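Here the structure is laid out as structure tokens; the discussion comes afterwards.
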Amino acid sequence: MSADPALPTVADEAEVPAYAQGLNAPQRDAVLTTEGPVLMLAGAGTGKTAALTARLAHLVATRRAWPSEILCVTFTNKAAREMRERVGRHIGPAVEGMPWLGTFHSIGAKMLRRHAELVGLQSNYTIIDTDDQIRLLKALITDNGLDEKRWPARQLAGLIDRWKNRGLNPADLDAVENEAYANGRGQQMYGLYQARLKSLNACDFGDLLLHILNVFRSHREVLEQYQQRFKYILVDEYQDTNQVQYLWLRLLAQERKNICVVGDDDQSIYSWRGAEVANILKFEKDFPGAAVIKLEQNYRSTPHILAAASGLINANSARLGKTLWTEIPAGEKVRVIGVWDGPEEARRVGEEIERLEREGAGLDQVAILVRAQYQTREFEDRFIQIGMNYRIIGGFRFYERAEIRDALAYLRVIASPADDLAFERIYNQPKRGLGAKTLESMHRHARATGLPLAAASLQLADTDELPARARGTIAQLMGQFLRWRDLAETTAPAELIRIVLAESGYDAMLQAEKSAESAGRAENLSELARAMEEYDTLGDFLEHVALVMDNDRADDGEKVTIMTIHAAKGLEFDHVFLPGWEEGVFPSQRALDEGGLASLEEERRLAYVAITRARRRCTILHAANRRIYGQWTSSIPSRFVGELPADQITEETTMTGGASLWRAQMSEHDDPFAHLARAQPARTLTRGPGWQRALTTGYDPTPARVKENTRSAASFAAKPRADIAIGQRVFHDKFGYGEVVDQEGNKLEIEFEQAGRKRVIDSFVSLA
């Protein structure tokens, strides 16, 4: 395949168009090879965006195509904006005539607007978000006699998204896929969902490509229209395409075959959201005679960093292969540091960053990249202690994550029953059937009596103001808080939160969702429990959290970046720290259990991505011990550490010198195994004068005393209305007119004319 001769080959850059200046020889080949299929195999930091932008500008500048005749697909809106801005600098206003430059979903939506009627929609269809999708699925699940708790809507939504990513319609599901939901009802529920969307003139994000793929397959004239329109197709990050995107692109490119895809098989790390590395690996088979242009000159990292990353990724068998090189000076070798445990890992990283600061490095050029979100907690706590500024990218700070806030809300109510904000967050989380009307009644009574929400709900549970089911649910929840508050007196905080999460149903809720997201949330909660092991009392821990949450959140000043490796793809930093390189952490045991060899190779690609984020220094850490699920577990270094070329790394350890040094280190932060032989001291449960006023702590949990204790604890500070007396006629919004027959504090027994005898709160009635 011959290259386009439009660019001068002379050394004088002045004769080269602006968009091609500064490009190396392979990059220029990628720009000039305009006809036929092209695979631009671009390694990390090799300037693929510059080459892709120059190619796009070249096609327009040399009038090979009008801007409207080029399809350029990216994965994110940010990438699309950057591409448009860069091309605009080279070709000027002509960039405004490029309507087909955008993300897969935005281009799919544009096409679907034009052909909506072919899939049973109108052109003004709406695109529903995740919340709407879950609500719709919940309604369908209920209407079809399924238990949403056993077969969660989120699980079904995840399956449908996976099926759509693979280009599967309901009729395409095989027996295995059908069995994935509700014992063989996956196909039925998927079909009902699609029918319901059409009746609403709506689609979800997965439909934006699946619908148009169906149109291409069943309406040849529409496909041919687009095949003729697009003279050139350019695709960024091709290694991240899923099956439906791959099929969509292959159909569009079959006629002219002028498709250029840019990607790196060694950086395919998103299989969990449908990406298939096989798409880039089989490009030459899909398009015989394709030109393969390798971009191998790296402009980011030192030779030692590149050699270490290349040596590691060579262990993968499913790859096209390339050799990165650079003209940057050699720099330092990759450091591999072994430490005793997680806390020491955080201390060591903190010390290293402080040293870099003293040497003049800016914190904005320092990053800590972790395999899983729960790993950030150790570093956040340490940085708070030493006063180091940090930011969490691609997620929330550990204590700001929704599941952590839920768990903390339970603990806050246990510690302080008058904490209305905490109680309101979790009174119906997980779902207990306590809806908005119940909350409205609780707030109304709380305002009328001056009681906290928990106390108000407890009083309402002893009346007929609420439906019987809600009363029972509230009574059960308050009984649980009593038990947990008693346990808090004699149980270690870490064990307490494990009990609360289990008995409240929160753990079961996450398990029922059966998604990667819920598994990550469960890992975060396990890390929360592990963090609490360092505190003797619940109060001490909650005070620590308050201090962490009060950390300066101003955007001014430089900060260390903490993020997952997945979120770091495409970014670069002078100094990168990679903690937790142990078997079971990285590679992730869950990934290996679920995906076997394919997942191992993806984990290795993730390690390659992590190392190649570093420009000047890369430091890998592994710990000999990790506290997992409350127990210390011995760890071995990740297999990835062993796969690093020995001549490209320097190894350090704080564990040299034998057992005596290990014991000396343990004395600094306690023997991690001592808790196994240490019995919890018995504590005497004391109740001071404020015990009854502390709401649920006034309960005796024995079944025989439940009703008596409910009334006793709930009736404190319950002052009766002076204007109501026995025999008085009153009106109640729910039960109508009646006569007061008995009075106990602010509780009234009323014989209603239509509803019979009911027990209500006096603030809910008015004089007749």
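Below, the figures for the structure above:
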| item | result |
| --- | --- |
| Residues of the range 425-437 satisfying the condition of being assigned to a helix (DSSP H, G or I) and either in contact with a strand residue (DSSP E or B) (Cβ under 9 Å, 6 or more places away or on another chain) or buried (at least 17 other Cβ atoms within 10 Å of the Cβ) (or both) | ARG425, ILE426 |
| Any pair with Cβ under 8 angstrom, 6 or more apart, that starts in the range 166-182 at a residue that is farther than 18 Å from TRP151 by Cα and ends at one that is open to solvent by less than 80 Å² (accessible area, probe 1.4 Å) and part of a loop (DSSP other than H, G, I, E, B) | ARG166/ASN242; ARG166/GLY274 |
| The range 647-657, residues that are among the aliphatic types (A, V, I, L, M) and at pLDDT below 95 | MET655 |
| Residue that is most open to solvent (accessible area, probe 1.4 Å), among those in the range 351-402 that are of a type in the set (A, V, I, L, M, F, W, C), assigned to a helix (DSSP H, G or I) and within 30 Å of ALA591 (Cβ to Cβ) | ALA402 |
| Residue in the range 273-283 that is crowded, with 20+ Cβ neighbours inside 10 Å, over 21 Å from ALA309 (Cα atoms) and over 24 Å from the mean Cα position of the chain (by Cα) present | yes |
| Filter result (closer than 30 Å to VAL222 by Cβ, of a type in the set (Asp, Glu) and either outside any loop (DSSP other than H, G, I, E, B) or open to solvent by less than 70 Å² (accessible area, probe 1.4 Å) (or both)) within the range 129-159 | ASP132 |
| Matching residues, the range 578-602, being in contact with a helix residue (DSSP H, G or I) (Cβ under 7 Å, 6 or more places away or on another chain) and open to solvent by 10 Å² or more (accessible area, probe 1.4 Å) | GLU583, SER588, ARG590, ALA591, LEU592, SER599, LEU600, GLU602 |
| So THR463, is it in contact with a strand residue (DSSP E or B) (Cβ under 8 Å, 6 or more places away or on another chain) and either within 20 Å of LYS734 (Cβ to Cβ) or modelled with pLDDT of 90 or more (or both) | yes |
| Verdict on GLU489 being surrounded by fewer than 19 Cβ atoms within 10 Å (Cβ to Cβ) and under 31 Å from the mean Cα position of the chain (by Cα) | no |
| Criterion: at pLDDT 90 or above and either within 21 Å of the chain's Cα centre (by Cα) or open to solvent by 50 Å² or more (accessible area, probe 1.4 Å) (or both) - qualifying residue of GLU495, GLU543 | GLU495 |
| Candidates GLY191, GLY206, GLY186, filtered to the one that is out of contact with any strand residue (DSSP E or B) (no Cβ under 9 Å at 6 or more places or on another chain), of a type in the set (Gly, Ala, Ser), more than 23 Å from LEU251 (Cβ to Cβ) and surrounded by 19 or more Cβ atoms within 10 Å (Cβ to Cβ) | GLY186 |
| Criterion (over 24 Å from the mean Cα position of the chain (by Cα), open to solvent by less than 10 Å² (accessible area, probe 1.4 Å) and closer than 18 Å to VAL413 by Cβ) met by exactly one of ALA455, ALA461 | ALA455 |
| Hits in the range 167-176 (condition: buried (at least 18 other Cβ atoms within 10 Å of the Cβ) and either hydrophobic (A, V, I, L, M, F, W, C) or modelled with pLDDT under 95 (or both)) | LEU168, LEU173 |
| Leading residue by the ranking (nearest to THR49 (Cα to Cα)) among those in the range 215-255 that are acidic (Asp, Glu) and open to solvent by less than 50 Å² (accessible area, probe 1.4 Å) | ASP236 |
| Single residue of the range 720-768 satisfying the filter (of a type in the set (Val, Ile, Thr) and part of a loop (DSSP other than H, G, I, E, B)) that is least open to solvent (accessible area, probe 1.4 Å) | ILE724 |
| Top-ranked residue of the range 303-331 - restricted to ones that are of a type in the set (S, T, N, Q) and more than 32 Å from the chain's Cα centre (by Cα), ranked as most open to solvent (accessible area, probe 1.4 Å) | THR323 |
| Selection count where residues are within 15 Å of ALA44 (Cα to Cα) and among the aliphatic types (A, V, I, L, M), scope the range 568-609 | 5 |
| Filtered residue count, the range 464-486, keeping only those that are open to solvent by 10 Å² or more (accessible area, probe 1.4 Å) and more than 28 Å from ARG154 (Cα to Cα) | 10 |
| Total residues in the range 82-128, condition within 15 Å of PHE205 (Cβ to Cβ), open to solvent by 40 Å² or more (accessible area, probe 1.4 Å) and under 28 Å from the mean Cα position of the chain (by Cα) | 4 |
| Options ARG81, ARG86, ARG55; residue that is without any contact (Cβ under 8 Å) to a residue 24 or more places away in the chain and basic (Lys, Arg) | ARG81 |
| Selection from the range 21-38 of residues that are under 39 Å from the mean Cα position of the chain (by Cα) and of a type in the set (A, V, I, L, M, F, W, C) | LEU23, ALA30, VAL31, VAL38 |
| Among residues of the range 132-176, those that are under 25 Å from the mean Cα position of the chain (by Cα), of a type in the set (D, E, K, R) and closer than 26 Å to ALA508 by Cβ, counted | 9 |
| Residues of the range 31-52 satisfying the condition of being among the hydrophobic types (A, V, I, L, M, F, W, C) and closer than 12 Å to GLU237 by Cα | LEU39, MET40, LEU41, ALA42, ALA44, LEU52 |
| Meets criteria (among the charged types (D, E, K, R), part of a helix (DSSP H, G or I) and over 25 Å from THR126 (Cα atoms)) for GLU221 | yes |
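The values are calculated or read from the model by the stated rules, or taken from the named source; none is laboratory data. Given the structure is predicted, the values throughout are model-derived calculations rather than measurements. Every residue, glycine as well, gets a Cβ built from its backbone with ideal geometry; the counts of neighbours run over all protein chains shown. Note: accessible area is taken over every heavy atom of the protein model, side chains too, but ligands, DNA and RNA are not part of it. Shrake-Rupley method; radii C 1.70, N 1.55, O 1.52, S 1.80 Å.
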